[in-house]
Amino acid sequence: MSGAAALRAILKIRPFRRLWLVLGFSSLGDWLGLLASATFAKEQVSGSAAQGAAFGSVVAVRMLPALVMGPLAGVVADRWDRRYTMVVCDIGRFLLFASIPSVTFFTSDSKLVVLWTAVATFMIETLQMGWGPAKDASVPNLLPKGRLESANQLTLATTYGVTPVLAGIVLASLNTLLGSVVRSTGHSPINSSNVALYFDALTFLATAFTVFFGIKEISGRSAARRAKQASIWREFLAGWAYVGKTPLVRGLVQGILCAFAVAGAVVGTASFYSRSLGGGDSTFYILFAFLFIGLALGIVGGPRLVGELSRRRWFGLSIVLAALSVAVLAFAWHLVIAVVFAVGVGVGAGMALLAGTTLMGREISDDLRGRVFSFIQVGTQLTLLFSVSVTSLITGFGGSRRVLGIPVSTTRLLLFVAGVVGVAAGIAALRQMDDKKGVPLFKDLVGSIRGRPLSLAEPAPRVGRFIVFEGGEGAGKSTQVQRLANRLRAEGHDVVITREPGATDVGARIRGLLLDPAPVDGGQIAPRAEALLYAADRAHHVATVVRPALNRGAVVISDRYVDSSLAYQGAGRTLPVDDVRWLSGWATGGLKPDLVVLLDVDPKVGLARAGRRSGQTDRLEGEELPFHERVRYAFLDLAAADPNRYLVLDASRPPEAVAGMVAERVVGILGPAQPGAAQPEPGHGEAEHLRQAPEPRPEAEPRPEGEARPEAEAGAGPQPAAPSEAVAGEAVVGDGAAGENAAGVGATVEGAAVGGGNAAGDTAPGGPEQPTKVLEGPLSALESRPS
Ligand SMILES: Nc1ncnc2c1ncn2[C@@H]1O[C@H](COP(=O)(O)OP(=O)(O)O)[C@@H](O)[C@H]1O
Ligand SMILES: Cc1cn([C@H]2C[C@H](O)[C@@H](COP(=O)(O)OP(=O)(O)O)O2)c(=O)[nH]c1=O
């Protein structure tokens, strides 16, 4: 769903729509309150020092409640009805905000007024501590989980993008309005901060009403909760224990707190930093403006950019991006460069904010959510405060020193250190909460940006060897499969011959659809349907035949596998090869062969042989020559891209010669046979016909259906899969698409075993190259891709 459509969809959900309006109002109130109450306090005293102190004390007082009230607020949000909690807090804030300007009616002592402003602000913030977690914890209950991210985009953009700007505009226009009144009448009827404060008070009254009468759904969960009433203290401890013990939450908390510490360092050093860039206040504002622009970009554009990337990974990576940008800021010598990285800081922070909020809503159970939100709310405020004060203190004392003759500014050093610490924290958070361990991070990120994230592969078998024969029509695959099997069996190996398509009952039916000489739908199958049918055959084949046999330790020899799809459906039918590769990777759970023997032959020769063999052509054999030529070169390209895994042989040579070269390479992979050792035990369940070499097909006789159909494999029962950590993982993607290297192999193929010399490298003791561990998924990513 596109961004705008997703937003429309969530705004159709009435309780959420109302909560969002409430949030907008309330956050407008917050910003107005912050600006207006501080200005109000400043106006009560004269002299710049006193004014500064008054302003500063109001701001400082806002931070205090976090210490006092914060930890309990989460218990309140989890324990009591969240709707009532919100309403009570809002009415309280309404009364307190209204009281700030009203107090001047009762006393004209400016000290008392400032004192009351501070006290009221303290209480307002305390109430905010209770309101925030209750609100945050209820958002996920009003929406389907899949919509949570869009909802968070909207609420975060509202809180950090729209309302602060709106608050600024409201205050500025009030000031201008009143200024012009003063100019024309000579006196001021009302004071603009007073008006702002009354207005602010009203926003809270409005939200109290809306929540109480309009969003009854927030109360929904009270009945279930009342049943189990532990003591407040115990609930409080349970919340802490949960944060400490759950890797996801620990990672989130770690990441968020570090991000705020880094943000604090940026704020603390910002004014000195701006000066070091040769600018003054304006440079400072420019940097902050761009940071906010980045924040907005991250929140609005982030999800689009990363697509289906795991949100846990996205969160960690965003923190790393933000922190890395801070570290680089330390080296920026020009404002333009600083601006670029300020945007980077913002983008990273915005994406981390969004990913973190969404993860908390999605993955933390409702009865704990309030405590986690309050924990984070308190933690971030304290961290920010601490980090801002420490860094401003250090930069204040700092200045520039010469180290080994190079001027080093404290500010920049501090930024650099903060950035590096932040990167480390991001990586640590990522490690703790990673839900795709073993899937390469960078490939996953790139894949996700391109619309095809990697997903965890099924555990790869540790024993057994998987050998595949590929090549065009009539190249001699069946002949060579048979010869190799005979030879290996004679040496005492447990060998399973199989093929694609059609090695299973399901596969045989699919094969019928694909290749029957009496074609369905007039012989026309849409290329994508064809690709899906081959993939379906493959998925079933791998799951029911290949993997069980490999798990048992058998040598599986397959006549065709994934490369056939890449060559025929990709290059032949000209479907996007990456899509076909992705589809096959998904179908096979990432299982790759240990060796692919590519029998290369001129299609004219191959087709003639195949024609002689069966006397009739199937649907694909009947394709034009250029089709078969595309297929041939696609195979060669695949081999060129991964020479260690391929043995390319000139299939126009006599069968015995070809078989000899195959055997030579395979011996290198398998090692000496241990007669009997690899054989399945009697009664293991494998049908005898599977292990007995069928006679090579007589010329001109159609291959019997089900020749290699290992029905009885089911009886063997899959063995428990080998532990995946024992396997050297490797991604399916990026293995070199067909067409990357058209000229690659052609020159070396004649009679030579390309990459044959690497056999030893493949078969180092302890196992040859193992089937891979990673594949691309999920399938739904394909649907939205234009091809
Ligand atoms: N190296 C070879 N030289 C000549 N003919 C061959 C060779 N290998 C196989 N053939 C014959 O070519 C025909 C097709 O071989 P087959 O193994 O069925 O090919 P594929 O399975 O690749 O379609 C068969 O009649 C087979 O006897
Ligand atoms: C496995 C596979 C086969 N094919 C085609 C190639 C073959 O023409 C046909 C399979 O028939 P097959 O019996 O393997 O052909 P032959 O032994 O004559 O070479 O299906 C694909 O197009 N995609 C695939 O993924």
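The values are calculated or read from the model by the stated rules, or taken from the named source; none is laboratory data. Predicted model only: the values in this text are computed from it and were never measured. Here the Cβ positions follow ideal geometry from the backbone for every residue, glycine too, while neighbour counts run over all protein chains shown. Ligands, DNA and RNA are excluded from the accessible area calculation, which covers all protein heavy atoms including side chains. Shrake-Rupley method; radii C 1.70, N 1.55, O 1.52, S 1.80 Å.
Specify which of the listed residues (174, 178) is under 14 Å from residue 28 (Cβ atoms) and either assigned by TED's automatic domain parsing to the domain that holds residue 294 or modelled with pLDDT under 80 (or both).
After applying the criteria, what remains is 174.
What residue, of 577, 601, is more than 19 Å from residue 515 (Cβ to Cβ) and away from ligand 1 (no atom under 16 Å from the Cβ)?
577
Determine the pairs where a residue that is touching a residue at least 40 places away in the same chain (Cβ under 8 Å), located within the range 1-30, has a partner that is in a loop (DSSP other than H, G, I, E, B) with Cβ atoms under 6 Å apart, the partner being 6 or more residues away or on another chain.
15/215; 16/143; 18/215; 19/215
Consider residue 469 carefully, then state whether it is within 16 Å of ligand 2 (Cβ to nearest atom) and either touching a Lys or Arg at 6+ places or on another chain (Cβ under 8 Å) or at pLDDT below 80 (or both).
Yes: the conditions hold for residue 469.
So which residues in the range 278-307 are in contact (Cβ under 8 Å) with a residue 60 or more places away in the chain and surrounded by fewer than 20 Cβ atoms within 10 Å (Cβ to Cβ)? Lay out the reasoning, then the answer.
Applying the first criterion (in contact (Cβ under 8 Å) with a residue 60 or more places away in the chain) to the range 278-307 yields 292, 295-296, 299-300, 303-307.
Hits for the range 278-307 are 292, 296, 300, 304, 305, 307.
Scan the range 642-660 residue by residue and report those that are under 15 Å from residue 488 (Cβ atoms) and surrounded by 19 or more Cβ atoms within 10 Å (Cβ to Cβ).
Of everything in the range 642-660, just one residue is under 15 Å from residue 488 (Cβ atoms) and surrounded by 19 or more Cβ atoms within 10 Å (Cβ to Cβ), namely 659.
Could you check, for the range 502-516, whether at least one of its residues is more than 12 Å from ligand 2 (Cβ to nearest atom), closer than 30 Å to residue 310 by Cα and surrounded by fewer than 24 Cβ atoms within 10 Å (Cβ to Cβ)?
no
So which of 544, 504 is assigned by TED's automatic domain parsing to the domain that holds residue 622 and at pLDDT 90 or above?
544
If we scan the range 65-77, do we find a residue that is without any contact (Cβ under 8 Å) to a residue 24 or more places away in the chain, part of a helix (DSSP H, G or I) and surrounded by fewer than 20 Cβ atoms within 10 Å (Cβ to Cβ)? Please lay out each step first, then the result.
The first filter runs over the range 65-77 and keeps only residues without any contact (Cβ under 8 Å) to a residue 24 or more places away in the chain, leaving none.
The answer is no, given that none of the residues of the range 65-77 is without any contact (Cβ under 8 Å) to a residue 24 or more places away in the chain, part of a helix (DSSP H, G or I) and surrounded by fewer than 20 Cβ atoms within 10 Å (Cβ to Cβ).
Yes/no per residue for (1) on the phi > 0 side of the Ramachandran plot; (2) outside the structural domain of residue 480 (by TED's automatic domain parsing); (3) in contact with a Pro (Cβ under 8 Å, 6 or more places away or on another chain); (4) within 11 Å of ligand 2 (Cβ to nearest atom):
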| position | (1), (2), (3), (4) |
| --- | --- |
| 561 | no, no, yes, yes |
| 568 | no, no, no, yes |
| 578 | no, no, no, no |
| 584 | no, no, no, yes |
| 597 | no, no, no, no |
| 604 | no, no, no, no |
| 608 | no, no, no, no |
| 611 | no, no, no, yes |
| 638 | no, no, no, no |
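Taking the criterion of being at pLDDT 85 or above and not assigned by TED's automatic domain parsing to the domain that holds residue 548, would at least one residue in the range 449-460 satisfy it?
Taking the range 449-460 first, the residues at pLDDT 85 or above are 449.
Checking the rest, the ones that are also not assigned by TED's automatic domain parsing to the domain that holds residue 548 come to 449.
Within the range 449-460, one or more residues are at pLDDT 85 or above and not assigned by TED's automatic domain parsing to the domain that holds residue 548.
Within the range 535-563, can you find the residues that are under 31 Å from the mean Cα position of the chain (by Cα) and within 16 Å of ligand 1 (Cβ to nearest atom)?
Passing the criteria: 561, 563.
What are the residue pairs meeting all of these: first residue in the range 591-614, first residue closer than 17 Å to residue 657 by Cα, second residue open to solvent by 30 Å² or more (accessible area, probe 1.4 Å), Cβ atoms under 6 Å, and 6 or more apart or on different chains?
Taking only residues 6 or more apart or on different chains, the pairs are 601/652.
Could you check, for the range 624-641, whether at least one of its residues is in a loop (DSSP other than H, G, I, E, B), closer than 30 Å to residue 488 by Cα and within 16 Å of ligand 1 (Cβ to nearest atom)?
No, because not a single residue in the range 624-641 is in a loop (DSSP other than H, G, I, E, B), closer than 30 Å to residue 488 by Cα and within 16 Å of ligand 1 (Cβ to nearest atom).
Any idea which residue in the range 299-358 is modelled with the lowest pLDDT, counting only those that are within 25 Å of residue 450 (Cβ to Cβ) and not in a helix (DSSP H, G or I)?
So, considering only residues that are within 25 Å of residue 450 (Cβ to Cβ) and not in a helix (DSSP H, G or I), the one modelled with the lowest pLDDT is 308.
Take residue 197 and decide whether it is modelled with pLDDT of 80 or more, open to solvent by 10 Å² or more (accessible area, probe 1.4 Å) and in a helix (DSSP H, G or I). Before the answer, list the steps.
Details: modelled with pLDDT of 80 or more: yes; open to solvent by 10 Å² or more (accessible area, probe 1.4 Å): no; in a helix (DSSP H, G or I): yes.
So residue 197 fails the test.
Yes or no, residue by residue, for (1) touching a Cys at 6+ places or on another chain (Cβ under 9 Å); (2) surrounded by fewer than 24 Cβ atoms within 10 Å (Cβ to Cβ); (3) in the same structural domain as residue 308 (by TED's automatic domain parsing):
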| site | (1), (2), (3) |
| --- | --- |
| 87 | no, yes, no |
| 93 | no, no, no |
| 104 | no, yes, no |
| 112 | no, yes, no |
| 130 | yes, no, no |
| 135 | no, no, no |
| 140 | no, yes, no |
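Which of the residues belonging to the range 548-575 are within 15 Å of residue 646 (Cβ to Cβ) and among the hydrophobic types (A, V, I, L, M, F, W, C)?
562, 566, 567
Restricting attention to the range 520-534, and to residues there that are away from ligand 2 (no atom under 11 Å from the Cβ) and more than 30 Å from the chain's Cα centre (by Cα), which single residue is surrounded by the fewest Cβ atoms within 10 Å (Cβ to Cβ)?
The extreme case among them is 522.
Please pick out the residue among 500, 491 that is under 27 Å from residue 669 (Cβ atoms) and more than 16 Å from ligand 1 (Cβ to nearest atom).
Within the list 500, 491, the selection yields 491.
Which condition breaks for residue 582 when tested against (1) open to solvent by 10 Å² or more (accessible area, probe 1.4 Å); (2) in contact with a Leu (Cβ under 8 Å, 6 or more places away or on another chain); (3) modelled with pLDDT under 95?
Evaluating residue 582 over (1) open to solvent by 10 Å² or more (accessible area, probe 1.4 Å); (2) in contact with a Leu (Cβ under 8 Å, 6 or more places away or on another chain); (3) modelled with pLDDT under 95 leaves (1) as the failure.
Which of the residues belonging to the range 591-623 are part of a loop (DSSP other than H, G, I, E, B), surrounded by fewer than 18 Cβ atoms within 10 Å (Cβ to Cβ) and modelled with pLDDT of 90 or more?
Selection gives 602 alone.
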